[in-house]
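Heads up, the thing below is written out as structure tokens.
The values are calculated or read from the model by the stated rules, or taken from the named source; none is laboratory data. This is a predicted model, so every value here is computed, not measured. Positions of Cβ are generated from backbone atoms using ideal geometry, with glycine treated the same way; all protein chains shown enter the neighbour counts.
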Amino acid sequence: MHDDTRCLQTDDATGPFGFQSLSFPVFRGSTVVFPTVEAYQRRRETFYDGYSYGLYGTPTSRTLEARIASLENGAKSLVVPSGLGAVVLTILAVAKAGDHVLIPDSVYDPVRTLSDNFLSFLGIQANYYDPLIGGGVAALLNDRVKLVLVESPGSATMEIQDMPAIARAAQANGTLVAADNTWATPLRLKPLEMGIDFSICAISKYFAGHSDVLMGSVTVRDEALYRRLRDVSRYLGYGVSPEDCSLVLRGIETLSVRLDRAESNALAIAKWFEERPEVFRVLHPAIPSHPGHELWQRDFSGTSGLFSVILQPWTRPHLASVIESLEFFSIGASWGGTKSIVAVMDPPPVRTATRTIEQGPLIRFSIGLEHVDDLLADLERALRMLEAEIVEPLMPPMRRGI
């Protein structure tokens, strides 16, 4: 079955009165009742796959988990309150005080904050590595490293990692690997098929698709890992609302067509930016000059709507007014919804294991579902403001090659 069809698979929603619907119902409830005293006393036996208390799962959340597992080609999925929560859960499921985790230097910034503050408080040491290291990560592994986190592409600077090589090196050391697959979703990349142990998604983004849900998921092939994740989620008191699960189930039905539109819009805009004198470099995996472009061609079946550009340094004094003038781009930190969003990262994201990127401002675009001609006209008009402010740049435009 193709993923496009999997997104639309119909679940049994027959109610007690024979009512049938194409949408799965919302099952609300905190207390789960049992028919007998014996069933109540044995309720913990149903914790992993059944129903023991509303916090630990309802038919609505279990249906969503099964849908995600199917798309990931995994055995089991677990949904949690946020994408960051999914990262936290995965780390705490495998690491304890005295253990180490390896984190790419291009990681989603809140994970860096988590690692430097909360993990260190727990005695778990986070070591940052060059995201382009590939199989060279083997030199960083030892018996204290319990997890390697990969994020491909990086959510701001778009580095593509050699995930199969990293997975092989980690397996040889007995180390687990978790991949943040939010950018690609399982429709563009299936990490579990590359030897990755945990596939993580912030399903607040493309899965939900409308900028109105917070949720994350972790998918695994191994039943023991799944049970460990569910145990730790119980200790943390993680739970998701059935209403939010219902919104994500609805979002999945249009995931394929939304990704296709965002992908085509973003690629057209990225190529347009390549010809602009205000732009120093375009960071988009499908652009041939992008570091890791060959790995993207090998491992991914497409792209999504998120990419970045590095502007020339001389644009900085007037950048805020240019961004604020955009009509079809809202300013915000998230992405993956139907509407286009822009985020200014100046100074650029922190680096500790690799050099900081070029000195020009980094602008991240989440391209939505608007007509691409309207988006391009909006950008063209906004960039003309720079021409009005600066007749001649302080220095000739630098080449955008690598």
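Considering only helices (runs of 4 or more DSSP H) fully contained in region 1-76, which possess at least 1 residues that are over 27 Å from the mean Cα position of the chain (by Cα) and either among the polar types (S, T, N, Q) or over 20 Å from Met215 (Cα atoms) (or both)? So that I can check it myself, show each step before the final result.
Numbers: elements: 3-6, 37-41, 59-72.
Qualifying helices (runs of 4 or more DSSP H): 37-41.
Test Ile331 against the stated conditions and say whether it is among the β-branched types (Val, Ile, Thr) and buried (at least 16 other Cβ atoms within 10 Å of the Cβ). So Ile331 does not fit the description; no.
Applying the set (1) in contact (Cβ under 8 Å) with a residue 60 or more places away in the chain; (2) closer than 17 Å to Gly292 by Cα; (3) in a helix (DSSP H, G or I) to Pro131 leaves exactly one unmet item: (3).
Here's the yes/no breakdown for (1) without any contact (Cβ under 8 Å) to a residue 60 or more places away in the chain; (2) part of a helix (DSSP H, G or I); (3) under 25 Å from Pro349 (Cα atoms):
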| site | (1), (2), (3) |
| --- | --- |
| Val150 | yes, no, yes |
| Ile160 | no, no, yes |
| Ala170 | yes, yes, no |
| Leu192 | no, yes, no |
| Gly209 | no, no, no |
| Ala224 | yes, yes, no |
| Arg227 | no, yes, no |
| Gly239 | no, no, no |
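Cβ-Cβ distances below 7 Å connect no pair with a first residue in region 65-82 that is without any contact (Cβ under 8 Å) to a residue 24 or more places away in the chain and not assigned by TED's automatic domain parsing to the domain that holds Tyr235, a second residue that is assigned to a helix (DSSP H, G or I) and of a type outside the set (Phe, Trp, Tyr), and a separation of six or more residues or different chains. For the residues Val87, Val107, Val111, the requirement of being in the same structural domain as Ala178 (by TED's automatic domain parsing) and not in a helix (DSSP H, G or I) singles out Val107.
Any chance region 220-233 includes a residue that's among the β-branched types (Val, Ile, Thr), surrounded by fewer than 22 Cβ atoms within 10 Å (Cβ to Cβ) and not assigned by TED's automatic domain parsing to the domain that holds Ser301? Yes. Restricted to strands (runs of 3 or more DSSP E) entirely inside region 241-345, those with at least 2 residues that are closer than 19 Å to Lys205 by Cβ and either in contact with a His (Cβ under 8 Å, 6 or more places away or on another chain) or of a type outside the set (A, V, I, L, M) (or both) are 306-311, 329-331.
Considering region 293-326, and only residues there that are among the charged types (D, E, K, R) and over 22 Å from Gly134 (Cβ atoms), the residue that is modelled with the highest pLDDT turns out to be Glu324. Beta carbons closer than 7 Å, at least 6 apart along the sequence or on distinct chains, pair a first residue in region 258-284 that is more than 22 Å from Thr338 (Cβ to Cβ) and touching a residue at least 60 places away in the same chain (Cβ under 8 Å) with a second that is in a helix (DSSP H, G or I) and of a type in the set (Gly, Ala, Ser) for Val282/Ala270.
Residues in region 106-120 that are over 12 Å from Val88 (Cα atoms) and in contact with a helix residue (DSSP H, G or I) (Cβ under 9 Å, 6 or more places away or on another chain): Val107, Tyr108. If only residues of region 172-183 that are of a type outside the set (Ser, Thr, Tyr) and outside any helix (DSSP H, G or I) are counted, the one that is surrounded by the fewest Cβ atoms within 10 Å (Cβ to Cβ) is Gly174.
Hey, among the residues in region 372-402 that are part of a helix (DSSP H, G or I) and within 29 Å of Gly292 (Cβ to Cβ), which one's modelled with the lowest pLDDT? Taking the candidates together, the pick is Leu383.
Can you say whether His290 is assigned by TED's automatic domain parsing to the domain that holds Asp374, surrounded by 17 or more Cβ atoms within 10 Å (Cβ to Cβ) and within 17 Å of Leu379 (Cβ to Cβ), as far as the supplied structure shows? Write out each step before concluding.
Numbers: assigned by TED's automatic domain parsing to the domain that holds Asp374: yes; surrounded by 17 or more Cβ atoms within 10 Å (Cβ to Cβ): yes; within 17 Å of Leu379 (Cβ to Cβ): no.
Criteria not met by His290.
What residue, of Gly57, Gly50, Gly134, is touching a helix residue (DSSP H, G or I) at 6+ places or on another chain (Cβ under 9 Å), modelled with pLDDT under 95 and on the phi > 0 side of the Ramachandran plot?
Working: Gly50 fails: on the phi > 0 side of the Ramachandran plot; Gly134 fails: modelled with pLDDT under 95.
Exactly one residue qualifies, and that residue is Gly57.
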